[in-house]
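> Sharing a structure here in structure tokens format.
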Amino acid sequence: MIKRDLREEIAEKLERISDNSHVYDGRMRLVRDTLRSMGDVYSFWVENPELRRSLYMENKQPDTVMKIARKGTRAIKDAWYFLMDHGRGRDFSEVLNEDILIGANAIVNGGSASDGRFRRKDVTLNIPGYTPPSFGKVPQKVREVISRINETFNEDPVENAIYVHLALSLIQPFNHANKRTARLVQDRLLLDAGLPPVMIPAGEGKFYMGLLSKAAPGFRDGETESQEPFYNYIASKVNNGLDYVLNDLGEDVGRIAS
């Protein structure tokens with residue numbers, strides 16, 4: 001579903017950095033920046049409407065808000081390190097399973113990996129024309145996502161990583177933090193493919209949610225056209241991350257576009 005020219009640009013940039021021994025350091029710096037962006041107070045509010053409403057209603061002091069945000073940032077970093085501990089010596093796509101997803105989500109929510117579980121109630125996403133699967137169908141839906149990644153990830157790493165992001169966000173397997181968990185798993189998969197993580201600035205939160213909402217009915221029905229803008233947006237962020245790495249290495253990014 002990713003545009004051909006964008007796909008080719010990503011492939012060309014990846015080829016240019018594939019044999020450079022300093023690329024890993026550049027990607028890790030971008031990972032740190034991405035985790036901080038995902039966990040900062042603005043992003044934390046964008047992806048936690050319940051928290052945002054409660055903070056407004058309770059008239060929390062700025063220091064309290066920052067304390068909550070710092071806690072959220074630490075939880076996201078801890079979840080990333082949890083994901084990094086899996087797949088050592090093997091591709092992460094091969095070892096990904098339900099327990100890893102559940103554990104990562106539990107940590108994002110501030111608990112330990114053993115605290116997690118799938119949701120046990122039906123939920124809504126406030127997306128017209130779309131309702132997440134009933135809670136009884138969640139385990140099977142998640143297994144379908146994992147099966148696709150276990151079997152076909154390396155055939156198209158960028159598209160498959162984005163698929164995980166979109167699928168987990170729309171299936172809503174957990175009570176909270178579905179999008180943050182989905183993005184962390186996506187970025188862990190991208191890292192194994194030699195690609196940078198996806199940084200979505202908090203200021204683009206509304207745009208991001210709009211694309212997610214537009215993609216939802218098509219995801220459910222297997223219709224691709226409405227999903228393409230989401231795929232291309234996320235793929236463009238992978239492309240931007242490659243620019244970051246190339247610039248870090250002193251490469252001329254503009255040469256690719258010419």
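> With the requirement that a residue be farther than 20 Å from P133 by Cβ and either part of a helix (DSSP H, G or I) or more than 16 Å from the chain's Cα centre (by Cα) (or both), what does the stretch 105-121 give you?
A106, I107, V108, G110, G111, S112, A113, S114, D115
> Taking P173, is it under 10 Å from the mean Cα position of the chain (by Cα), of a type outside the set (D, E, K, R), in a loop (DSSP other than H, G, I, E, B) and closer than 26 Å to G116 by Cα?
So P173 fails the test.
> Just for the stretch 79-114: of the residues that are surrounded by fewer than 20 Cβ atoms within 10 Å (Cβ to Cβ) and closer than 18 Å to T34 by Cβ, which one is modelled with the highest pLDDT?
Restricting to residues being surrounded by fewer than 20 Cβ atoms within 10 Å (Cβ to Cβ) and closer than 18 Å to T34 by Cβ, the top hit is F82.
> Hey, could you check the stretch 130-159 for residues that are of a type in the set (S, T, N, Q) and in a helix (DSSP H, G or I) and say which is surrounded by the fewest Cβ atoms within 10 Å (Cβ to Cβ)?
Out of the qualifying residues, it is Q140.
> Determine, yes or no, whether A113 is over 15 Å from H176 (Cβ atoms) and out of contact with any Cys (no Cβ under 7 Å at 6 or more places or on another chain).
yes
> Among the residues of the stretch 232-247 satisfying the criterion of being small (G, A, S) and modelled with pLDDT of 95 or more, which is surrounded by the fewest Cβ atoms within 10 Å (Cβ to Cβ)?
This residue is S236.
> A further question on this structure: Sort out which residues of the stretch 216-242 are without any contact (Cβ under 8 Å) to a residue 40 or more places away in the chain and in a helix (DSSP H, G or I), and write them in order of number.
Within the stretch 216-242, G218, D221, P229, Y233, K237 meet the criteria.
> Continuing with this model, one more query. Which residues, taken from the stretch 180-211, are surrounded by fewer than 23 Cβ atoms within 10 Å (Cβ to Cβ) and outside any loop (DSSP other than H, G, I, E, B)?
The answer is L191, D192, A202, G203, E204, G205, K206, F207, Y208, M209, G210, L211.
> Condition first: of a type in the set (V, I, T), closer than 23 Å to L212 by Cα and assigned to a helix (DSSP H, G or I). Can you find one or more residues in the stretch 87-95 that meet it?
Scanning the stretch 87-95 turns up no residue that is of a type in the set (V, I, T), closer than 23 Å to L212 by Cα and assigned to a helix (DSSP H, G or I).
> Of everything in the stretch 88-135, what is hydroxyl-bearing (S, T, Y), in contact (Cβ under 8 Å) with a residue 60 or more places away in the chain and in contact with an Asp or Glu (Cβ under 8 Å, 6 or more places away or on another chain)? Give them in sequence order.
S93
> Then there is this: Go over the candidates R7, R27, R16, R32 one by one and state the one that is modelled with pLDDT of 75 or more, under 17 Å from the mean Cα position of the chain (by Cα) and closer than 14 Å to L242 by Cβ.
R27
> Right, here's the next one. Please determine whether any residue of the stretch 41-62 is assigned to a helix (DSSP H, G or I), under 24 Å from G203 (Cβ atoms) and modelled with pLDDT of 65 or more.
no
The values are calculated or read from the model by the stated rules, or taken from the named source; none is laboratory data. These numbers were taken from a predicted model, which means no experiment stands behind them. Cβ sites come from the backbone with ideal geometry, for glycine too, and all protein chains shown count toward neighbours.
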